[in-house]
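Structure first, then comments.
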Amino acid sequence: MNEPMDEYSDSILSPEGRLRQASILRLALDESRSCRRRQMTGKAMAAGVCLLIVFSVFRSTHPTDTPQPQVVQQMPSVKREVPQPVINLTPAPQKKIVVSRIETDPSLLTKWTIPPRKPTWTVIDDDELLRRLGEAGRPAALAYVDGRTVILFREAKAH
């Protein structure tokens, strides 16, 4: 799984690049597994809903054969005295809206502000970029086309 995709990618990737490529491949495989799992779950749920609909239609069109109970004699209803609940007639407290000023700490902003980080990159000019690409085994040239700068790579000579 940690092998490069082809011989071309093996020649241009650094060891960190190969590790990154392998981690991207693992992430892609995990994502495809979860997509398949979601698809299968959706299909199973759809099948379950279809079965539920078919079963309910079947039950409504085929009633059960059990006879319904019949009332033979009705008992006279007996009225009983039910004590009334005691109701408290005290009025509910009035709701109030209170508006007041809230003092804030003037140094709050300085306490919670995150200081900006120093940049972790370095700025190099075109010649330095081309020199470093050559040292890395990827000789290149710069082309200026329509106001844009394009990097053109050339193959390293085989010795």
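The values are calculated or read from the model by the stated rules, or taken from the named source; none is laboratory data. These numbers come from a predicted model, not from an experiment. As a convention, Cβ positions derive from the backbone with ideal geometry for all residues, glycine included, and neighbour counts pool all protein chains shown. Just so you know, the surface numbers come from the protein's heavy atoms only, side chains and all, with ligands and any DNA or RNA stripped out. Shrake-Rupley method; radii C 1.70, N 1.55, O 1.52, S 1.80 Å.
With respect to residue 128, is the statement that it is open to solvent by less than 90 Å² (accessible area, probe 1.4 Å) and either modelled with pLDDT of 90 or more or out of contact with any Ser or Thr (no Cβ under 8 Å at 6 or more places or on another chain) (or both) true?
For residue 128, the condition - open to solvent by less than 90 Å² (accessible area, probe 1.4 Å) and either modelled with pLDDT of 90 or more or out of contact with any Ser or Thr (no Cβ under 8 Å at 6 or more places or on another chain) (or both) - is met.
Can you tell me which of 122, 113 is within 30 Å of residue 148 (Cα to Cα), modelled with pLDDT of 85 or more and exposed (fewer than 10 other Cβ atoms within 10 Å of the Cβ)?
Exactly one residue qualifies, and that residue is 122.
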